[in-house]
Amino acid sequence: MNNLTMEEIVNYAKQYGFIFQGSEIYGGLANSWDYGPLGTLLKENIRNAWKQKFVQENKYNYGLDAAIIMNPKVWVASGHVASFADPLIDCKKCKARHRADKLIEDFTKGEVTADGWSNEEIENYISKNNIVCPVCGKLDYTPIRKFNLLFETSIGVTDDTKNTVYLRGETAQGIFTNFKNVERSMRAKVPFGIAQTGKAFRNEITPGNFIFRTREFEQMELEFFCKPGTDLEWFGYWKNYCMDFLRTLGLDSEKLRMRDHSKEELAFYSKATTDIEYLFPMGWGELWGIADRTDYDLGVHQEASSQDLRYLDPETNEKYLPYVIEPSVGLDRLLLAILSNSYTLEEVGENDTRVVLKINPALAPVKVTILPLIKKVHGEKATEIYSELCRKFSASYDEAGSIGKRYRRADAVGTPLCVTVDDNTINNGTVTIRNRDTMEQETIKIEELEDYIVKITTL
Ligand code: ATP
């Protein structure tokens, strides 16, 4: 749908049990969100689709689930303790805090990104373009300061034995530290990748835009280890692989674009970086970062841990540190993209509209809903069918209200199929199956239901 606002998405997500405000009964906690029953299912389906595509169906990759709290030396070696920081700027008039580069991004609706700019360049751009404080409308900022995003906590029982540790700022470091473990245990040969999903934490200066930027979020990251010299080829391979995946999930091509980082913007260790951006309700924003990280990560961990992390090529007997291609996507951001891409207000007949979540059936939180036409007459048979189907699929049962209203409820949460149980089911063993998008109905035998649902809802 055109011109969908973030507010509409937030309201929709709350009304239908996808996402609620975190700690709501205590007045909330700024920009924290809880996933409700349908949001949980949707998130799980997206995560599973990613795992299927990046681990199960990809012959190069292995899975991993590393700890959130790691030895703090990891974060020193990776550079996060010293420089995982964003440019913080305060409005002198109203005291509002802003992330200076995001002021520029929001002002230009994502057309200009200030990644890699110096503080001076950012300050100049802000004043030249008169980018006023979004809270009070004044142009009177403090100079930019760097603000570290790592969350600190401590382990240990008593104060004197407490040690500062960090909640991981990205899942990637758990992969680098396990490079040798996976290589040895799986007898993996370069090129190979290690993929994992899990929570990451960043003390963001300005979280916002619903679940686009939060302090606690889930990442789905792949670190792909390859021979130096082959890295740019693999970089291209993974860019296309990620884009294909997004299209398969059903994101509109015209709302997706690739943005290559310029030389000035590139992190010092990166040879090439491309962001896949999506046109979110608030404008273009990064969805997936894909970077050629060279041998930087393995190099710094080799140095700091004094462990040999090099790979011994069994064919050439050469020892080298592999280069790494990293495609990293936020699960919550992807979920937001999918929700906004799928939410549709559709005219059906005169003066009538329906809310329909036109989501890829494989991602739909509920695959099929079973509806007895008349509760008293068909309820028992419908329950029997439901009991069978819910062993295989995420299914629901709805007997409340007119059949039309029940169809609309199913449409609104993106359920691809409705199965109506009526006299024909009892007399002839057939059901009516209705398609969410076409609203067309078909009669099929009960025994055919399972295959029918599999066919429609498989990625
Ligand atoms: P941004 O420039 O938006 O802060 P980033 O370049 O720091 O993002 P990466 O470190 O490359 O992000 O993280 C990889 C992915 O993790 C991002 O593409 C995004 O999808 C997701 N991500 C990063 N930060 C957040 C956040 N605060 N909330 C939700 N998702 C996030």
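Can you tell me which residues in the stretch 208-235 are part of a loop (DSSP other than H, G, I, E, B) and away from the ligand (no atom under 16 Å from the Cβ)? Lay out the reasoning, then the answer.
Just the residues of the stretch 208-235 that are part of a loop (DSSP other than H, G, I, E, B), to begin with: 209-212, 214-215, 227-230.
Correct list: K227, P228, G229, T230.
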Among (1) surrounded by 12 or more Cβ atoms within 10 Å (Cβ to Cβ); (2) touching a Lys or Arg at 6+ places or on another chain (Cβ under 6 Å); (3) not aliphatic (A, V, I, L, M) - the single one G156 does not satisfy: (1)
Residues satisfying the stated conditions in the stretch 177-207, i.e. within 11 Å of the ligand (Cβ to nearest atom), touching a residue at least 40 places away in the same chain (Cβ under 8 Å) and not in a loop (DSSP other than H, G, I, E, B): K199, F201
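Only one of these is out of contact with any strand residue (DSSP E or B) (no Cβ under 7 Å at 6 or more places or on another chain) and not basic (K, R): N424, N428. Name it. Spell out how you get there, then give the answer.
Values: N424 fails: out of contact with any strand residue (DSSP E or B) (no Cβ under 7 Å at 6 or more places or on another chain).
None of the other options fit; the residue is N428.
Out of G39, G110, G63, report the one residue that is surrounded by fewer than 17 Cβ atoms within 10 Å (Cβ to Cβ) and either in the same structural domain as T273 (by TED's automatic domain parsing) or within 13 Å of the ligand (Cβ to nearest atom) (or both). Even if it seems obvious, please write down each step before you answer.
Working: G39 fails: surrounded by fewer than 17 Cβ atoms within 10 Å (Cβ to Cβ); G110 fails: surrounded by fewer than 17 Cβ atoms within 10 Å (Cβ to Cβ).
On inspection, the qualifying residue turns out to be G63.
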Residue within the stretch 376-391 that is modelled with pLDDT of 95 or more, among the acidic types (D, E) and crowded, with 19+ Cβ neighbours inside 10 Å present: no
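I'd like the residue in the stretch 77-107 that is away from the ligand (no atom under 15 Å from the Cβ) and assigned to a loop (DSSP other than H, G, I, E, B) and, out of all such residues, is nearest to D260 (Cα to Cα).
A96
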Meets criteria (surrounded by fewer than 19 Cβ atoms within 10 Å (Cβ to Cβ), at pLDDT 95 or above and in contact with a strand residue (DSSP E or B) (Cβ under 8 Å, 6 or more places away or on another chain)) for N48: no
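Might you let me know whether the stretch 64-76 holds any residue that is under 30 Å from R409 (Cβ atoms), in contact with a helix residue (DSSP H, G or I) (Cβ under 8 Å, 6 or more places away or on another chain), in a helix (DSSP H, G or I) and at pLDDT 95 or above? Show your work before the answer.
Step one: filter the stretch 64-76 for residues under 30 Å from R409 (Cβ atoms), giving none.
No: zero hits.
Looking at K319, is it surrounded by fewer than 18 Cβ atoms within 10 Å (Cβ to Cβ) and touching a Leu at 6+ places or on another chain (Cβ under 6 Å)? Break it down into steps so the answer makes sense when it comes.
On the way: surrounded by fewer than 18 Cβ atoms within 10 Å (Cβ to Cβ): yes; touching a Leu at 6+ places or on another chain (Cβ under 6 Å): yes.
Considered against the rule, which asks whether it is surrounded by fewer than 18 Cβ atoms within 10 Å (Cβ to Cβ) and touching a Leu at 6+ places or on another chain (Cβ under 6 Å), K319 comes out as yes.
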All positions within the stretch 259-275 that are touching a residue at least 40 places away in the same chain (Cβ under 8 Å) and more than 18 Å from W117 (Cβ to Cβ): K271, A272
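If you go through the stretch 308-325 one residue at a time, do you hit one that is within 16 Å of the ligand (Cβ to nearest atom), modelled with pLDDT of 95 or more and within 21 Å of the chain's Cα centre (by Cα)?
To start, the set of residues in the stretch 308-325 that are within 16 Å of the ligand (Cβ to nearest atom) comprises 324-325.
Then drop every residue that is not modelled with pLDDT of 95 or more, which leaves 324-325.
With within 21 Å of the chain's Cα centre (by Cα) added as a condition, the list becomes 325.
There is at least one residue in the stretch 308-325 that is within 16 Å of the ligand (Cβ to nearest atom), modelled with pLDDT of 95 or more and within 21 Å of the chain's Cα centre (by Cα).
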Residue in the stretch 260-277 that is at pLDDT 95 or above, touching a Pro at 6+ places or on another chain (Cβ under 7 Å) and over 30 Å from L357 (Cα atoms) present: no
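The values are calculated or read from the model by the stated rules, or taken from the named source; none is laboratory data. Just so we're clear, the structure is a prediction, and the values are computed from it rather than from any experiment. When we count neighbours, we look across all protein chains shown, and the Cβ atoms used for this are built from the backbone with ideal geometry, even at glycine.
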